[in-house]
Amino acid sequence: MYAAGRMTQALAPDDIIRRHEDLVEGARAPLLVIEPLADLLAANRLGDGDRSAVVVTPIGDGHSNVTLSVSSAGHEVILRRPPRGPLPPSAHDVLREARLLRALAQTGVRVPNVLLVCEDPLVIGAPFYLMERVHGEVITGALPGALEGYEEREGIANEMIDALVELHEVDWVAAGLEGFGRPTGYLERQLRRFSGLWEHNRTRELPAVEQLGAWLRANLPQSPPATIVHGDYRLGNTIFASRPPARLAAILDWEMATIGDPLADLGYLMMCWAEPDDPPIGTYDLNSVTRLPGFPPREALIGRYEERSGRSMGSLTWYLTLALWKTVIFMEGNYKRAIAGTTDDPYLKSFGAGVTQLAERALEVSRGRA
């Protein structure tokens, strides 16, 4: 499902074991147990039951839910499961993510097909689901050769906006997602949830985070009618077809999705859409490729979304500030996991300084200075 351009984190020696009995006393829990997974694949015609033939490859940056390519007897599927703990309450719910993907597969939204959902944590150590592999390119720090032209760069931007508008147009009740989220009070809940998450994630005193929370509460806008919200919509969470013209083939990483304010998605996308003159935030630059010449500025993307969705952009600074504040809190949580030793990802250890820099950047945005 993920392809060229998406940084892949290597597996640690204790990430995968063959049998549950192989777990050494006192060792941390594995991410995958081969033999029971092979049996499950065979039972669902996704493998032939040959336990020795299962090949597992990590996919993606490894900073959130764990994503693995699993190959067996000519079948390749993508497995999604939560990371190791400690985990914040309600975070990393892969079963909820699978439910949404199954619902969206019946609409025009560009998602991979879910093949199997396993709620039993005893199989591999956690609930998980399997989905099809979607071939293509994940674009982050560089453009694939076939999409390097200026026309393709504009096309990538347009596809990002058009796919987002498609998502926000879905009748979520008709899609079977009633109860997936509460359609009113989304922004208020976001502020309460992330204020609480900050208390859970914080490793130090950062007054800028408290100031941002206060500003957001004092300047709360009125939301448009509720839609499905992706919650992490950015270029690095999409797959583009490998050949021109630029075509967004699938939207990935739905673990933050809910029913809520669609402008939260647009604000987050704009936070991630770097322009040439934007200051770097430590090592945190989710989509540095958009700094390249030929990519439209944020203003053009906002205008296209406004035209195609019919929604007002009058409060977009608030939504951009919200996105920055939430990202600061998530980064601090990942940094906490890194210094606690519950992840092998060296990238997360670099978040210490980046959290502070991004919080200051968010304050500048809230004051209309960036």
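Looking at 132, 151, just one residue is surrounded by fewer than 18 Cβ atoms within 10 Å (Cβ to Cβ), under 18 Å from the mean Cα position of the chain (by Cα) and modelled with pLDDT of 95 or more, and that residue is 132. Residues in segment 1-19 that are at pLDDT 90 or above and outside any strand (DSSP E or B) were compared, and the one that is surrounded by the most Cβ atoms within 10 Å (Cβ to Cβ) is 15. On inspection, residue 245 qualifies as touching a residue at least 24 places away in the same chain (Cβ under 8 Å), part of a loop (DSSP other than H, G, I, E, B) and closer than 30 Å to residue 149 by Cα. Against the definition (in a helix (DSSP H, G or I), open to solvent by less than 10 Å² (accessible area, probe 1.4 Å), of a type in the set (S, T, N, Q) and over 18 Å from residue 167 (Cβ atoms)), how does residue 290 come out, yes or no? So residue 290 passes the test. Of the residues making up segment 309-332, those that are open to solvent by less than 40 Å² (accessible area, probe 1.4 Å) and among the β-branched types (Val, Ile, Thr) are 321, 327, 328, 329. Close contacts from segment 303-326, counting a first residue that is outside any helix (DSSP H, G or I) and a second that is open to solvent by 30 Å² or more (accessible area, probe 1.4 Å) and at pLDDT 95 or above, with Cβ to Cβ under 7 Å and a gap of 6+ residues or different chains, come to 311/224; 313/302; 313/306.
Taking residues in segment 260-283 that are charged (D, E, K, R), and partners anywhere that are surrounded by fewer than 23 Cβ atoms within 10 Å (Cβ to Cβ) and at pLDDT 95 or above, the pairs with Cβ atoms closer than 6 Å and at least 6 places apart or on different chains are 261/186; 261/187; 261/223; 275/297. Count, please, the residues in segment 168-213 that happen to be open to solvent by less than 40 Å² (accessible area, probe 1.4 Å), under 18 Å from residue 264 (Cα atoms), of a type outside the set (Val, Ile, Thr) and assigned to a loop (DSSP other than H, G, I, E, B). Qualifying residue count for the region: 4.
Among the residues of segment 25-45, those identified as under 26 Å from the mean Cα position of the chain (by Cα), assigned to a loop (DSSP other than H, G, I, E, B) and among the aliphatic types (A, V, I, L, M) are 29, 31. The residues in segment 291-347 that are at pLDDT 95 or above and among the polar types (S, T, N, Q) can be counted, and the count is 5.
Remark: residue 97 matches the filter, which requires a residue to be among the acidic types (Asp, Glu), open to solvent by less than 60 Å² (accessible area, probe 1.4 Å) and either out of contact with any Phe, Trp or Tyr (no Cβ under 7 Å at 6 or more places or on another chain) or closer than 23 Å to residue 178 by Cβ (or both).
The values are calculated or read from the model by the stated rules, or taken from the named source; none is laboratory data. The shown structure was predicted, so the numbers you read here are calculated from the model rather than taken from an experiment. Glycine gets a Cβ as well: all are built from the backbone with ideal geometry, and neighbour counts include every protein chain shown. Side chains are part of the model used for accessible areas, which takes the heavy atoms of the whole protein and leaves out ligands, DNA and RNA. Shrake-Rupley method; radii C 1.70, N 1.55, O 1.52, S 1.80 Å.
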